[in-house]
1. Among the listed residues 78, 130, identify the single one that is at pLDDT 95 or above and within 20 Å of residue 338 (Cβ to Cβ).
2. Could you check, for segment 311-320, whether at least one of its residues is part of a helix (DSSP H, G or I) and modelled with pLDDT of 95 or more?
3. Would you be able to tell me the number of residues in segment 294-318 that are without any contact (Cβ under 8 Å) to a residue 24 or more places away in the chain and within 19 Å of residue 267 (Cβ to Cβ)?
4. What are the residues in segment 202-242 that are part of a helix (DSSP H, G or I) and among the aromatic types (Phe, Trp, Tyr), if any?
5. For segment 289-308, how many residues meet the condition of being more than 14 Å from residue 218 (Cα to Cα) and either among the small types (Gly, Ala, Ser) or surrounded by 14 or more Cβ atoms within 10 Å (Cβ to Cβ) (or both)?
6. Residues of segment 103-128 being assigned to a loop (DSSP other than H, G, I, E, B) and surrounded by fewer than 23 Cβ atoms within 10 Å (Cβ to Cβ), which ones?
7. Enumerate the pairs (first residue in segment 112-134 and farther than 17 Å from residue 231 by Cα; second residue anywhere and acidic (Asp, Glu) and not in a helix (DSSP H, G or I)) with beta-carbon separation below 7 Å, excluding pairs fewer than 6 apart on the same chain, so at least 6 apart or on different chains.
8. Inspect segment 335-347 for any residue being in a helix (DSSP H, G or I), in contact with a Gly (Cβ under 8 Å, 6 or more places away or on another chain) and at pLDDT 95 or above and give the result as yes or no.
Amino acid sequence: MRYFPNKKLHEFLAFIIIITGIIQCFLSNITPPKLLTIVGIIPISIVIPIFNRENYLNRSLYTAIHQTLRNVEIVCIDDCSTDNSVHFIINIMKKDKRIKLVRNLYNQGTSLTRLNGVYYSNGEYIMSLDPDDLLYLNAAELNYQYAKKAYADVLEYRIKYKSSQLYDRNWFPCRRNYTKREKLLKKFTTFRMNWNVCKRIIRRSIYLKAGDFLRPYISGRKINVADDLIQCGMIYFFTQRLICTKIMTYIYLVNKTDNSESELFQSRVQNKIQVLYGKALIQYFYKNRGRLETCSFDTFLGQGSNLEYYNKITPISNKTHTFECISNHKEIGYLKNDLLGVCLMYNVS
């Protein structure tokens, strides 16, 4: 996804986002900023999985921090970055108590990294943000209002897609609501629906159920491409109401030399294997949708090519901790969780 190294371009982009957010608020007859919920209640947690994205964090975090819905929670999860991503986040955490940092003690891949962030979130809904993308500044406010009014378990919004080859104001639009789980699952298992988790807010209680159910099937493997497919698909097994909106929320910035489709982080063959594994997993659950409690990892691996797919996915072979879970900053507390393999860091000032 595209990086703007020039400081003036950073400032110009931030200015454009602010102006756009204000205009959208005006058109929606909403006066920013304001609290929409009871004090102490967190309406939305913005979850940001990170691996070596120091150069992008200034702009993505800016759009999360300056949401017109002020009482959002921002959960950054670092998957053992080797750049200065962690230091960048900690310096911002010292000034903003809404931000917490979950550090994987060893590299776990995008899927487990995202789930670790959900487990440490406290919001009523989860909004996902990739560290090299942007949110409109009224994104959390507009979508939370709509979700509450519609009693949505999942609320899907609009994404603006930008690359050097394509500019799409309405990337993979959601075209219909689903209020019956069976119809939603039947459609999803054709794999003709978009499954990007950054395109929707999800009720946290449902995300947690899906995550708990999925963990045995993805633990031990670094899943970096099919994480959206697997997580979104599993979430729909616990979803009753999927509601579509026309709210422009997210800016998806693409650079083919630096994204999950390139071979910078893993091979295209590995990408394909992970997608095949994800589709096989969702189809297995769909066949057993009336008796999910009887599903088991061993049974799944014993069917078709599933064991072959699983064995070809890059394993988490080294669980040696890459750092010690401590804090050298008086403003930052820490808590180690060996079960998830993470170190939670938070503002205590």
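The values are calculated or read from the model by the stated rules, or taken from the named source; none is laboratory data. None of the values given here were measured: they were computed from a predicted structure. Glycine also receives a Cβ, built like all others from the backbone with ideal geometry; neighbour counts cover every protein chain displayed.
1. On the way: 130 fails: within 20 Å of residue 338 (Cβ to Cβ).
Answer to the selection: 78.
2. First, pick out the residues of segment 311-320 that are part of a helix (DSSP H, G or I): 311-312.
Cutting the leftovers down to modelled with pLDDT of 95 or more gives us 311-312.
Within segment 311-320, one or more residues are part of a helix (DSSP H, G or I) and modelled with pLDDT of 95 or more.
3. 3
4. So the first thing to find is which residues in segment 202-242 are part of a helix (DSSP H, G or I), and the list is 204-218, 227-236.
Scanning segment 202-242 gives 207, 213, 217, 236.
5. Here is the first cut: in segment 289-308, the ones more than 14 Å from residue 218 (Cα to Cα) are 289-295, 299, 302-305, 308.
Checking the rest, the ones that are also either among the small types (Gly, Ala, Ser) or surrounded by 14 or more Cβ atoms within 10 Å (Cβ to Cβ) (or both) come to 289-290, 295, 302, 304-305.
Within segment 289-308, residues that are more than 14 Å from residue 218 (Cα to Cα) and either among the small types (Gly, Ala, Ser) or surrounded by 14 or more Cβ atoms within 10 Å (Cβ to Cβ) (or both) number 6.
6. The initial filter retains those residues of segment 103-128 that are assigned to a loop (DSSP other than H, G, I, E, B), namely 105-109, 120-124.
If the condition is that a residue be assigned to a loop (DSSP other than H, G, I, E, B) and surrounded by fewer than 23 Cβ atoms within 10 Å (Cβ to Cβ), then 105, 106, 107, 120, 122, 124 are the ones that fit.
7. That search, which allows pairs on different chains as well, returns 122/73; 123/73.
8. At the first step, the residues of segment 335-347 found to be in a helix (DSSP H, G or I) are none.
No, that holds for no residue.
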